[in-house]
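Structure, as structure tokens:
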Amino acid sequence: MPLSVIRVPKMADTLSDSVSAGSREFLSEEDFTRMIAIERKRTERSKEPFLLMLLEAADRQASNNSGGTLDKVVTALLPTTRETDVVGWYKDRTAVGVMFTGLNVNVEDKNLILDAIGNRLSAKLRETLAFESFEQIIMSFHFFPDDWNHDKPGRPTNLTLYPDLVNRDTSRRFPLILKRAIDVVGSAGMLILFSPILLMIALLIKASSKGPVLFRQRRIGQHGRQFTFLKFRSMRVDNDNSVHREYVTKLIANEAGRQQSGGPGDGIFKLTNDKRVTPVGKLLRRTSFDELPQFLNVLKGEMSLVGPRPPLPYELAVYQTWHRRRVLEAKPGITGLWQVTGRSRVKFDEMVRLDLYYARSWSPWLDLKILMKTPLAVIKGAGAC
């Protein structure tokens, strides 16, 4: 969400796609969007945040008739910003963006930075624009990395900082419609096909241990949205999750050791011999039948048949910034590239790379290949426990 909103002037559309003022360049929307993606990756490496400021017209129709107002806004911005800052169209002829880079600040300094930049630019724009124009622009600020505090349910990430991902999804509109159709038909068909097994599992869970048949858990979906994740209950009720929390924290930090799985290989990166798991639960996990209720998540549109596994909020809390992209770039899935290649036998960073490769290389054909490989991966039980 925007960190601050200040009303300042109205914008026009009289600038060309790319202009320059002296040695300063005003970028087109395509180039500016590309620069945001580059700055995000630079921040992931350097840990130095950047600030994106947007100037948007409060009245779009009035903006189109305002003559040279936007020319004046840009004229005021270019000499006021630093040579290292990036200025251009965030949305072509609708919103101007400025990226302030090289900000060596912490969370406590953010409001001071906002006040300093907002006051300086507002003063310059007041000198340049008429009062009527000044009141028609909204100035907003967006820090990267943005605050992913998922203690508050349902709070998504700030997609303003990811215009390239939004534009990519827009360009994939028809393939994504096809993916959704396959999800609906496939999940409905699997629920019907497995209905006798679903009933049998429910009876076994009820007969073997106290508690509900379904296990409900908060998970993080695409763009950081939370949803209720469904599984067949494989653990005893009222168990302590501190053991799992401690292990995944080490796993994400690449400090966790492999656990013996009883199968071939050097072990897996996953808790094994977990005393919280019931005897029936062990069988369900070994066969992946505990995952079957997730077809309901797919029907609801919270998940897909194929995609990255959705993390828990406390897992996301210890992600490195670049890890977050795995939950931004694709909707979470029941199966995925990680499950049919490495599963729990690969380190966490390698899992993230597989998820990112899937998101960028995604096609309906890739989904089909992963779905075809999934039954064999389940039968082998590679990485399951």
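Can you tell me which of Gly336, Gly307 is surrounded by 15 or more Cβ atoms within 10 Å (Cβ to Cβ) and either hydroxyl-bearing (Ser, Thr, Tyr) or modelled with pLDDT under 95 (or both)?
On the way: Gly307 fails: either hydroxyl-bearing (Ser, Thr, Tyr) or modelled with pLDDT under 95 (or both).
When all the criteria are applied, what remains is Gly336.
Tell me which residues, restricted to the stretch 193-251, are of a type in the set (Val, Ile, Thr), assigned to a loop (DSSP other than H, G, I, E, B) and farther than 21 Å from Glu302 by Cβ.
Val237
Based on what the data block shows, is Leu125 over 20 Å from the mean Cα position of the chain (by Cα) and at pLDDT 95 or above? Steps first, please.
Working: over 20 Å from the mean Cα position of the chain (by Cα): yes; at pLDDT 95 or above: no.
Against the criterion (over 20 Å from the mean Cα position of the chain (by Cα) and at pLDDT 95 or above), Leu125 does not qualify.
If a residue must be touching an Asp or Glu at 6+ places or on another chain (Cβ under 7 Å) and part of a helix (DSSP H, G or I), how many such residues does the stretch 97-143 contain?
Adding up the residues that qualify gives 0.
Give me the residue from the stretch 47-58 that is more than 18 Å from Trp322 (Cβ to Cβ) and modelled with pLDDT under 90 and, out of that set, surrounded by the most Cβ atoms within 10 Å (Cβ to Cβ). So that I can check it myself, show each step before the final result.
Our first condition is that a residue be more than 18 Å from Trp322 (Cβ to Cβ); within the stretch 47-58, this holds for 51-58.
Those left that are additionally modelled with pLDDT under 90: 55-58.
On the way: Leu55: 23, Glu56: 21, Ala57: 26, Ala58: 15.
Result: Ala57.
For the stretch 273-290, check the following and say yes or no: at least one residue is at pLDDT below 75, in the same structural domain as Pro332 (by TED's automatic domain parsing) and in contact with a strand residue (DSSP E or B) (Cβ under 9 Å, 6 or more places away or on another chain). Don't jump to the end; show me each part of the working.
To start, the set of residues in the stretch 273-290 that are at pLDDT below 75 comprises 273-274.
After this cut, where a residue has to be in the same structural domain as Pro332 (by TED's automatic domain parsing) as well, the list is 273-274.
Applying the additional criterion that residues be in contact with a strand residue (DSSP E or B) (Cβ under 9 Å, 6 or more places away or on another chain) yields 273-274.
Looking for residues that are at pLDDT below 75, in the same structural domain as Pro332 (by TED's automatic domain parsing) and in contact with a strand residue (DSSP E or B) (Cβ under 9 Å, 6 or more places away or on another chain), one finds at least one in the stretch 273-290, hence yes.
Please count how many residues of the stretch 189-207 are touching a residue at least 60 places away in the same chain (Cβ under 8 Å) and surrounded by fewer than 14 Cβ atoms within 10 Å (Cβ to Cβ). Don't jump to the end; show me each part of the working.
To start, the set of residues in the stretch 189-207 that are touching a residue at least 60 places away in the same chain (Cβ under 8 Å) comprises 190-191, 194, 197-198, 201, 204-205.
After this cut, where a residue has to be surrounded by fewer than 14 Cβ atoms within 10 Å (Cβ to Cβ) as well, the list is 197.
Of the residues in the stretch 189-207, 1 are touching a residue at least 60 places away in the same chain (Cβ under 8 Å) and surrounded by fewer than 14 Cβ atoms within 10 Å (Cβ to Cβ).
Out of curiosity, is Glu44 surrounded by fewer than 18 Cβ atoms within 10 Å (Cβ to Cβ), in contact with a Phe, Trp or Tyr (Cβ under 6 Å, 6 or more places away or on another chain), at pLDDT 80 or above and not aliphatic (A, V, I, L, M)?
On the way: surrounded by fewer than 18 Cβ atoms within 10 Å (Cβ to Cβ): yes; in contact with a Phe, Trp or Tyr (Cβ under 6 Å, 6 or more places away or on another chain): yes; at pLDDT 80 or above: yes; not aliphatic (A, V, I, L, M): yes.
Yes, satisfied.
The values are calculated or read from the model by the stated rules, or taken from the named source; none is laboratory data. Owing to the predicted nature of the structure, the values given are computational and were not obtained by experimental measurement. In this analysis, Cβ positions are derived from the backbone assuming ideal geometry, glycine residues included, and neighbour counts consider all displayed protein chains.
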